[in-house]
Amino acid sequence: MFRTLIALLLLSFATAAYAQDTTAPAPDRSATGGAQTLEDILARQRGEEVDNTFRSSATGDPDNAAGIASQLGTLGGASDPELWRALRFGSADITASNNGPAATTLIQDGGMRWLLFRQGPLATYGAYLLGGTLVLLALFFLIRGRIRIEGERTGRTIERFKAVERFGHWLLAGSFILLGITGLVSLFGRKVLIPAFGHEAFAMLALASKWIHNNVSWAFMIALVMIFVMWVYHNLPHRSDINWLLKGGGIFGKGHPPAKKFNAGQKLIFWSVIVLGTSISVSGLALLFPFELNMFAATFAKLNSFGISGALGLGELPTALAPHEEMQYAQLWHAIVSFVLMAIILAHIYIGSVGMEGAYDAMGSGEVEEQWAREHHSLWVEEVKAKEAAAPKSATPAE
């Protein structure tokens, strides 16, 4: 599903690139006085490249305007169609009330492609991904049941996470849940919430969601840095990870492979959160500060230069993007990566709650049953016990 989403996004990026592979023959425009023909329009709809020089240069000539005393003098040297063509091809001499990078971009072609992709494949496949994940988790629970503690409980506990670690985890988890819900409200509101609750109720919900999304994002980024600093050392690869993966973590049978503080599955979750969360944060910053962080034109240039886009069959990706197009691609990438991370986190929530007995205690109280720790993280328990044995005993007061 992830590969499907990425492929769909790259296909939307490469719409212009596909046109380069097929060039439409130049039609006879004598019948239209040099203006575009029906064949021009149909060729663009087929994704073929159309030479627009005959249009882009037909923007009028103010120097040849009729005299002010003439019948058409007050119209200047450009007709309305010529004015709109100048706006369309970015050659109009216009001014705006602000000097922002997108202030004078009045027409850009990417908006419709962005809208259709957002309302169509993004929403459709995103819903399939989340819904499919929930269905698979439900089926897994029905087939496998809850993973129980196999041995006899000892009644002793081991500190697994300190208070600051649990704070960082819950700050990240809580902020991500809020961001996920408010993001889904933004994406599916028009199709789902407006028909159900009406425009006025949705307007209030959308406004609140936007405020929450924009401000809670900072908590997410701070928590992301916190867990990286606290846990990156424990999530570095270890030779025990190979054995854990080969045995599927013991999820499908009895007994669990030896593991350190974080097993291979938890390490995959950790690095998914770090990599995807960072990508979400960077694209989110581009949306929080419009037109300030333009990433995609430069990224497409790198993909083209390394031949990656060609290897994927996408041709040359566009590298000349309007400011609005940069924002549109940032929004699409932000949403796609968020969908993937939400699916991963749903699986993480399942294992850490109903899926495994004793797992929630690690982030609940920070103390876990010793038998649970020995079954799931035996190598880590050995390290903890060795440190306890090597710790100096407290001095006995003199009598």
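Points worth noting:
- Direction-averaged projected area, Cα convex hull, segment 123-178: 6.5 nm², rounded to one decimal.
- Principal semi-axes of the equivalent ellipsoid, √(5λ) from the alpha carbon gyration tensor of segment 229-310, are 37, 17, 11 Å from largest down.
- Rule-of-thumb Rg ratio for segment 134-281 [Cα; 2.2 N^0.38 Å; N residues]: 1.35
- In the structure shown, the pairs 162/261; 267/385; 247/385; 162/254; 254/387; 247/387 are assessed against 18 Å; a Cα-Cα span above that value is assigned to 267/385; 247/385; 162/254; 254/387; 247/387.
- Take residue 388: with every protein chain present and a 1.4 Å probe, its accessible area is about 100 Å².
- Relative to the Cα centre, the charge distribution of segment 108-233, modelled as +1 at Lys and Arg Cβ and -1 at Asp and Glu Cβ, gives a dipole magnitude of about 240 debye.
- Segment 274-399: C-alpha gyration tensor shape, a/c 1.5 cut-off, then a/b vs b/c: prolate
- From the alpha carbon centroid of segment 74-151 to that of segment 209-226 is 22 Å.
- Heavy-atom accessible area order for 109, 93, 241, 28, largest first, 1.4 Å probe: 93, 28, 109, 241
- Positive-end residue, segment 142-214 charge dipole about Cα centroid, Cβ charges, pick of 149, 177, 206: 149
- Evaluated with a Cβ-only charge set (Lys, Arg +1; Asp, Glu -1), segment 173-297 carries a dipole of roughly 540 debye about its Cα centre, given to the nearest 20.
- Partner lysines whose Cα lies under 22 Å from the Cα of residue 210, excluding those fewer than 8 positions away in the same chain, are identified as 191.
- Each Lys and Arg contributes +1 and each Asp and Glu -1, all at the Cβ; summed about the Cα centre of segment 291-399, the dipole is approximately 360 debye.
- Positive-end residue of 381, 368, 328, charge dipole of segment 300-399 with Cβ unit charges: 328
- Scaled radius of gyration (Cα, divided by 2.2 N^0.38 Å) that segment 198-246 gives: 2.06
The values are calculated or read from the model by the stated rules, or taken from the named source; none is laboratory data. As the structure is a computational prediction, the values presented were derived from the model and not from experiment. Positions of Cβ are backbone-derived with ideal geometry, glycine not excepted, and every protein chain shown enters the neighbour counts. Surface areas here come from the heavy atoms of the whole protein model, side chains and all, with no ligands, DNA or RNA. Shrake-Rupley method; radii C 1.70, N 1.55, O 1.52, S 1.80 Å.
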